[in-house]
Each structure stands twice: as structure tokens, then as C-alpha cells.
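Report on the following structure.
The values are calculated or read from the model by the stated rules, or taken from the named source; none is laboratory data. Only a predicted model underlies this, so the values are computations on that prediction, with no experimental measurement involved. Neighbour counts are summed over all protein chains in view; Cβ atoms, including those assigned to glycine, are modelled from backbone coordinates with ideal geometry.
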Amino acid sequence: MATDRVLVPIEQSVTLRRTVAYAVDSVRESDGAAELHFVAAVTDDDQTPTGRAAIEDAESLLDRIRAWVHEDGGESIPIETAVVGTDRYLFSPRDYADRLAEYADEHAIDRAIIDPEYRPGASAPMLRPIEHRLEEHGLTYEEAPVSPATRRDQFVTAGGASRFLTLFLISFGFYLVLGDPTYWFDLVTGTVSGLIVAITLSHVTFPSAPTASRSPIRTLRFFVLYVPYLLFEIVKSNILIAAVILRPSMPIEPRLTRVRMTIPGGLPLTALANSITLTPGTLTVRADDQDLIVHALIPETREGLFEGSLERAVRFVFYGRAGARIPSPEERGDAELLRGEDS
């Protein structure tokens, strides 16, 4: 009797654990021999600064999946795990789907179970590209009928009023900074814009509800200290870039650089990433947890990232003096390691 081989593409998601359990149950209930193939698609590490770390993360996740299969009573079910895609650069969802389909062809796999939250690489959903590509390769497709148990909790959270009011005031204030606070039209349109932003984004903007004790202090630090400092860094970077452009040899060295920040995700990391982008000569391309992928035009701007002055300033805004005393990437010893990963 032919073996029923099932492909399960994986990456970390809120529904992965349930998808694994569903795959085990699906195979256990099938007639005859069955085999599960859990496969992580990771792009070529020579092309991306975070490639090596992504491969290690995928291997660690596959180890956890083996343990989950055992917990779900799948000890008797043969499983195979693999990391694919490291031999090429995967960019679009179609690229990932093609590599997974190639693996299926190589191992005579006839069907696939897909995690509904599977979004490899970028944030683009994989459902439609996978469906089309697997059909072309003669595989049947099934989306695991699972849902994240915490999704409702992410949207129904405590502190809703404070989140709404804080985001409205921030949006309204920023609008007036760009406009004229003495003109009635700007006041009306600013109010409408602030309400729209607060209604649509207040439940996802703040990881925790703003408090009356900390928020005013952070706001004061941001406008009185951080904004002038950021403007100074922007002017300084403008001068550096202008000097390079005006030189006949134009000695630019554009590179992608990974910088590991000691800043939690959410609003603090977003503020830092946008500050780096506002500074001429640097552009934040991607954020992976506490790692930022930054395109730096000249060595001076790249070294400034490792010195961590902007990072330290953002930590001061959100966490005070204790946060500012945390060592920079240069002081932590990360800089030498990360310099070797520049591309």
C-alpha cells in the first residue's frame, strides 16, 4: 500500500501548534501508512544579514515540532523535518511556494496541510500563491481548520479609553505641528483625522495601556529633549552626506547592516526605526524582533548605528535614566560580530 506523505510548511505563528496537532490527527485517521514532512523555507543566508539566524531559528522550531508530535501521540507516525531555500534567494510568496513544491516533488508528496497564519518572509499572505503552485505540481491542498485562541484577547484589552485618548492626542498634536493651530479648518480636520486614527489603531498601537503617571513624563522627554536631539542628528547627517556628494570621488559604500537593539518591540522600536529613516544616509528596511536591517550609505552613518546614540536616546524617552545606561551595541561587543555580516 502506498504511503500517504503530507507536506506541512512551517514558521512561527500563533496557530502553528494547533496546525501540528491537526496534521497528526489527520494522518492518524488515514488508512494505511502515513508520513509527515515539516518543512521550513528560509532564504539564502548569503543574501540577507539575518539569514544565519533565520536558519538557526527554523532548526530550533523544527525541534519543538518533533516534541509536539510526540505530545500529540504521534510517536508511531514517521516524520521528516527539513530547512529548504538556503541555496537561493527567496523573495516573493511565489518563490517560497515554488521551493516547497520542489521539495514535494523530490519526496513524492501528494498533499499539503497549510497553517492559516503561514506568511513566510514578508507579510504577504501565502494562501493564493501556494494554492496555484501546488495545483500546478499535482498536489492537493488543505488549510488547517484552526484559529488563534488569543486573537480576541489581542483586540479586547484593558485600558481602551486611555489608549484611545492618548493616540487621539498624539495624532491631533502631530497634525497641528504640520498645519496651523490658529486656523479653524486645521483644527476641524485635525480633530477628524485624530479620531479616525484613534478609532482604527488604538487597540494595536500600544502594547500596554498608557498610564497617567508615565505618559506625561515620556511626552515631555520626547518633545523637549528627544526632538531637538533628533533634529541635531538630522542636520549633522545632512552635512556628512552633502560633503560626500560634493567630493569628486563621491566615496559612498552602500551596505545593508544588521543592528541588534536592546529595545522591546512595539512603540519604542518603531520610534527608533523611524528616527533612523529620518536621518539622511540611513534607511530602516526591516525589523526582526530586536534586530533592525538598516541600509547605510557611508561608513560614518553605519558606525553611528553601532555607537547607539539614537538607541540610547529612545530608551531614555521610554525608560528614563536606567534605560539610557544600558550599553550600546559597540559596548556590548555586538558590533564586531555584526560588522562581519554586512552585505
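For the range 92-111, taking the residues that are aliphatic (A, V, I, L, M) and assigned to a helix (DSSP H, G or I), the one that is nearest to the chain's Cα centre (by Cα) is identified as ALA97. Among residues of the range 55-73 that are farther than 14 Å from LEU36 by Cα, those with a beta-carbon under 8 Å from a residue that is charged (D, E, K, R) at least six positions away or on a different chain give the pairs ILE55/ASP45; ALA58/GLU11; LEU61/GLU11.
Taking the stated definitions as given, is SER249 at pLDDT below 85 and out of contact with any helix residue (DSSP H, G or I) (no Cβ under 9 Å at 6 or more places or on another chain)? Spell out how you get there, then give the answer.
On the way: at pLDDT below 85: yes; out of contact with any helix residue (DSSP H, G or I) (no Cβ under 9 Å at 6 or more places or on another chain): yes.
Against the criterion (at pLDDT below 85 and out of contact with any helix residue (DSSP H, G or I) (no Cβ under 9 Å at 6 or more places or on another chain)), SER249 qualifies.
Is it true that some residue in the range 73-86 is more than 16 Å from VAL8 (Cα to Cα), at pLDDT 80 or above and either crowded, with 19+ Cβ neighbours inside 10 Å or within 25 Å of the chain's Cα centre (by Cα) (or both)? Within the range 73-86 (the criterion being more than 16 Å from VAL8 (Cα to Cα), at pLDDT 80 or above and either crowded, with 19+ Cβ neighbours inside 10 Å or within 25 Å of the chain's Cα centre (by Cα) (or both)), the answer is yes, since at least one residue qualifies.
GLU35 falls short on exactly one of the conditions (1) crowded, with 18+ Cβ neighbours inside 10 Å; (2) at pLDDT 75 or above, and that condition is (1). When each of PRO216, PRO207 is tested for being at pLDDT below 85, not basic (Lys, Arg) and not in a helix (DSSP H, G or I), the lone residue that passes is PRO207.
So that you can scan it fast, the table gives a plain yes or no per residue for (1) over 17 Å from the mean Cα position of the chain (by Cα); (2) closer than 30 Å to PRO210 by Cα:
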site: VAL227; (1), (2): yes, yes
site: MET250; (1), (2): yes, no
site: GLU253; (1), (2): yes, no
site: VAL259; (1), (2): no, yes
site: LEU283; (1), (2): no, yes
site: ALA287; (1), (2): no, yes
site: LEU292; (1), (2): no, yes
